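Worksheet for the structure shown next.
Values quoted throughout were computed directly from the atomic coordinates according to the rules given, and no laboratory measurement underlies them. Bear in mind that the values here come from a model prediction, so they are computed numbers and not experimental data. No Cβ is skipped: glycine too gets one built from the backbone with ideal geometry, and neighbour counts run over all protein chains shown.
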Amino acid sequence: MYICNCNGITDKEVETALNAGVERWDDVHAFYGCEPCCGQCQCEIVEAIVDRDSNADDALPAAAMAMAG
Ligand code: FES
């Protein structure tokens, strides 16, 4: 399933980027050598980052970092 229609980034590719340590939503794009365009994928990617970090003590700061940019 595509998460970012502008760049053709799928949910699996987002997961791969997050597993590699990406901390911000727009860094997912950078991971694949592209840049965000419309930004409509921001919420879904941020949700994925928060889900990944949900068991961490610093989940809220991670969410704030994910929204930055
Ligand atoms: S859907 Fe990701 S930048 Fe447009």
Excluding Gly39 itself, calculate the net charge of residues whose Cβ lies under 15 Å from the Cβ of Gly39, where each Lys or Arg counts +1 and each Asp or Glu counts -1.
-4
Order of Cys4, Cys37 from fewest to most other C-beta atoms within 10 Å?
Cys37, Cys4
Name the residues whose placed amide hydrogens come within less than 5 Å of the amide hydrogen of Ile3, ignoring near sequence neighbours (fewer than 5 apart) on the same chain.
Ile9, Thr10, Asp11
Using 0.36 nm times the number of residues separating Cys43 and Asn19, minus their current alpha carbon distance, what extension gain do you get?
6.8 nm
